[in-house]
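Only one structure is covered here, and it is reproduced in the block below.
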Amino acid sequence: MRGRGTVFLGFVSAMMLDARHGLAQAPANWQTSFGVSASETKERIVALHDHILLIGVCIVALVAMLIGFALLRFRASRHPTASKVTRMPWLEFGWTIAPVLVLGAIAAPSLQLLAYESDIPDAQLTIKASGHQWFWRYSYPDNGGFAYDSIMLPPASVPAGEPRLLAVDNRMVVPVGAVVHIQVTSSDVVHSFFMPALGLQIYAMPGRLNETWTRVEKPGVYYGQCNQICGLNHSFMPIAIEAMAQPDFDAWVRDAATRYPVVSAATISAQVAK
């Protein structure tokens, strides 16, 4: 029994260490914590998760203690005659008010996070993402209106070091530290723009322009996917966002403006209205 207990304690310790340090690592096989956080929104989501998880652990521990106490305190060998108490007002009041307090402790920070995500600050950049079966199209109306498609690379064409089924030919590019206003729509069926490292998820719906925002705090390449089933090749519709320093972003915009076609506002409006 002692050996099993040692193994169990070692397993629990490993899980705690992984939960504490996993946020600073890239996603890996058998990871038990969230992936890398690259925005304040994601960090707030993780903090809310930890808050709710702590409440859940406390509830499980309390219930386990009460069950153990009841089994020992009211076992048949100690109380051969069962109690016939049918009312206990203070206990009934307690198990009524306790769930209200628990729900309040969960609802308050949840509503604060929703308000933070919904309040779009003044943006330095606007990007429109349009979902298609099965790729994304990005346009930059603040930078001349150029647009380009982002299509998953076939496995044989994925460069070394990039993830299979997530690498794309053209990434969405944003500057680090800038507030980016993202408008999302679809040209055919319902898609979903999901970027876990930034804490983003928003539906792309035909005929509707949804909006969200982000501010990437760390340079790098972040991967996501369409996570709304949208047809045969739904699983082959990845999202890649590259965050770079402002001077590098400005240079990329100058180059992109010469490589990609300009999409007029009328074309975008017609696409959204489909």
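Read the figures in this text as sums done on the coordinates, not as results from a lab. If you're wondering where the values come from, they're calculated on a predicted model, not measured in any experiment. Here Cβ is always computed from backbone atoms with ideal geometry, including for glycine, and neighbour counts include all displayed protein chains.
Observations, loosely collected:
- Mean ellipticity per residue at 222 nm, deg cm²/dmol - from DSSP H runs of n ≥ 4 across the chain, formula -39500 (n - 2.57): -13500 deg cm²/dmol
- Relative to the longest principal axis of the Cα atoms of the chain, the long axis of helix 246-259 makes an angle of roughly 50 degrees.
- Taking amide H as placed 1.01 Å from N in the peptide plane, Ser186 has its amide H under 5 Å from the amide H of Gly131, Met205, Gly207, Arg208, each at least 5 places away in sequence or on another chain.
- Angle of helix 40-73 to the longest C-alpha principal axis of the chain, folded into 0 to 90 degrees and rounded to 10: 20°.
- Averaging Cα coordinates gives a centre for segment 213-228 and one for segment 152-197; these two points are 8 Å apart.
- FRET E, pair Glu217, Met88, Förster distance 45 Å, beta-carbon r, rounded to 0.05: 0.25
- Taking the convex hull of Cα positions in the chain, its mean projected area over all directions (nm²): 22.2 nm²
- The long axis of helix 2-21 is offset from the longest Cα principal axis of the chain by roughly 40 degrees.
- Gyration tensor (alpha-carbon) shape descriptor, segment 68-111, a/c threshold 1.5: oblate
- Calculated FRET efficiency for the pair Asp169/Thr258, C-beta based, R₀ 30 Å, to 0.05: 0.95
- Among the chymotrypsin sites (Phe, Trp or Tyr not before Pro) found in segment 74-105, those both in a DSSP coil and sparsely packed, with 13 or fewer other Cβ atoms within 10 Å of their Cβ, are Phe74.
- Neighbour counting of Cβ atoms within 10 Å sorts the residues Val46, Val216, fewest neighbours leading, into Val46, Val216.
- Table column - 3J(HN,Hα) (Hz), segment 96-111, Karplus curve with 6.51, -1.76, 1.60, x for Gly and Pro: 8, 7, 4, x, 4, 5, 5, 5, x, 5, 8, 5, 4, x, 5, 5
- Antiparallel beta bridges, as assigned by DSSP with both residues in the chain, represent about 70 percent of the total such bridges.
- GNM flexibility winner over the chain from Pro175, Pro159, Pro261 (Cα, springs under 10 Å): Pro159
- Sites Leu113 and Tyr203 - FRET efficiency at Förster radius 22 Å, r taken between beta-carbons, to 0.05: 0.75
- With θ taken as phi - 60° and the Karplus curve 6.51 cos²θ - 1.76 cosθ + 1.60 applied, the whole-hertz 3J(HN,Hα) list for segment 145-159 is x, 5, 8, 7, 8, 10, 10, 4, 6, x, x, 5, 9, 6, x Hz, x standing for glycine and proline.
- Shape call, segment 125-273: gyration tensor on alpha carbons, a/c limit 1.5: rounded
- Most mobile listed residue (Ala47, Ala129, Ala64) in the chain, GNM with C-alpha springs under 10 Å: Ala64
- With each label modelled as a point 7 angstrom along the Cα→C-beta vector, the Leu232-Leu71 pair spans 5.6 nm.
- In Hz, Karplus ³J(HN,Hα) per residue of segment 215-221 (6.51, -1.76, 1.60; θ = phi - 60°; x = Gly, Pro): 9, 6, 9, 10, x, x, 10
- Evaluated over the chain, the count of Lys pairs having alpha-carbon atoms less than 30 Å apart is 4 (only pairs 8 or more residues apart or interchain).
- Highest-MSF residue in the chain out of Lys128, Lys42, Lys218 [GNM, Cα springs under 10 Å]: Lys218
- Cut-off under 5 Å, modelled amide H: who pairs with Gln228 long-range: Ser192
- Bridge type composition, segment 116-274 - antiparallel percent by DSSP, nearest 5: 70 percent
- For segment 128-180, the normalised intensity computed at q = 0.16 Å⁻¹ comes to -0.57 (log10 of I(q)/I(0), Debye sum over alpha carbons, equal scatterers, no solvent).
- Rounded if a/c under 1.5, otherwise prolate or oblate - segment 33-118, Cα gyration tensor axes: oblate
- Cβ-based net charge around Val262, under 15 Å, with every Lys or Arg adding one and every Asp or Glu removing one: +1
- Annotation for segment 116-146 versus segment 23-95: alpha-carbon center distance of 41 Å.
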